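J.: Structure below; questions to follow.
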Amino acid sequence: MMSHAHATTGAAAWLAVTATVPWALGWMPLPPSEVLAGAVVTAGAALLLDADHHAGTIARSLPPVSRWVTRGLGKLSGGHRHATHSLVGVVGAGLLARLLAAVRVPVGGEEFQLGAWFIIVLLVAYAAKALRLTRGWLSSWAVSLAAGSAATWFAPETTWWLPTAVVLGCLCHLAGDALTSEGVPLLWPLRPDPLVPTPLWRNNGHFALPLLGSAGSKREWAFAAVVDLYIVYVVAMTSMQGAHTVMASL
């Protein structure tokens with residue numbers, strides 16, 4: 001699955017789970033500000049597993065730091081669609097997010113969520129690049145720093161929901177790639193051989209349900225367009241809900 005589709009499916013999943021408007025599930029209801037902030041974060045988290053690709057969207061998102069990170073992680077994980085594209089990769093990303101989200105430093109008599117801010121800056125940069133909202137290093141750094149700072153200010157209780165957003169985004173990434181012909185090594189480091197190789201279970205141990213065909217196919221773009229429409233609707237309804245809450249409190 002291409003980066004745009006990854007980002008939008010991650011955002012849509014977060015909106016569906018946390019928003020309390022019609023056509024959203026509301027399983028983990030949050031205030032509108034944290035619903036919207038989390039959607040951006042989860043869009044970036046849905047790209048996180050591609051940090052093993054030194055020439056992918058993440059590598060170009062926050063230069064030169066992002067390129068150094070992706071080259072190193074690519075070598076450690078065995079290359080693209082190996083260790084990171086597995087359940088082990090999802091658990092590792094969630095644990096790292098949980099550890100960093102707890103890091104706080106005293107600033108002006110209050111605690112600043114340094115770890116959460118760092119994660120959000122990175123994930124916003126990933127999402128902005130995938131959605132083509134930034135061009136070049138200056139806009140990438142400016143947008144990610146501003147959005148990361150705003151998110152930690154307006155959605156302060158990130159310690160618990162941030163790791164959830166990261167895990168949800170990573171699971172969306174796995175599901176998205178599993179819907180393409182290439183599949184994913186879901187059980188890495190195990191690569192079980194099928195008794196009878198099929199498009200669903202391949203000789204290389206990759207699992208797939210290739211409903212979308214190859215990455216970047218017309219079916220994938222049609223799917224992404226439907227997801228985009230859903231995001232626009234839920235964001236608009238959640239924004240109106242938040243505005244109504246603010247007006248009622250005045």
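The values are calculated or read from the model by the stated rules, or taken from the named source; none is laboratory data. Every value quoted in this text rests on a predicted model; they were computed, and no experiment measured them. Glycine also receives a Cβ, built like all others from the backbone with ideal geometry; neighbour counts cover every protein chain displayed. SASA here: full protein model, heavy atoms, side chains in, ligands and nucleic acids out. Shrake-Rupley method; radii C 1.70, N 1.55, O 1.52, S 1.80 Å.
J.: Give me the one-decimal nm value for the distance between modelled label points at VAL91 and SER214, 7 Å along each residue's Cα-to-Cβ direction.
T.: Going by the 7 Å Cα→Cβ label model, 3.5 nm.
J.: Rounded to a whole number, what % of the accessible area of the chain do carbon and sulfur atoms account for, probe 1.4 Å?
T.: 74 percent
J.: Additional query: Just how large is the dipole of the range 3-249 about the Cα centre, in debye to the nearest 20, putting +1 at every Lys and Arg Cβ and -1 at every Asp and Glu Cβ?
T.: 640 debye
J.: Using alpha carbon centroids, what distance separates the range 14-92 and the range 140-205, in Å?
T.: Cα centroid to Cα centroid, the span is 6 Å.
J.: Which of GLY169, GLY38, GLY115 ends up with the largest GNM mean-square fluctuation for the chain, with Cα atoms connected below 10 Å?
T.: Highest fluctuation among the options: GLY115.
J.: Going by the alpha-carbon gyration tensor, a ≥ b ≥ c the square roots of its eigenvalues, is the chain rounded (a/c under 1.5) or, if a/c is not under 1.5, prolate (a/b greater than b/c) versus oblate?
T.: Because a/c hits 1.5 or more and a/b exceeds b/c, the chain counts as prolate.
J.: While we're here: Please compute the modelled spin-label separation between ALA150 and VAL65, points set 7 Å along Cα→Cβ, answer in nm with one decimal.
T.: 1.9 nm
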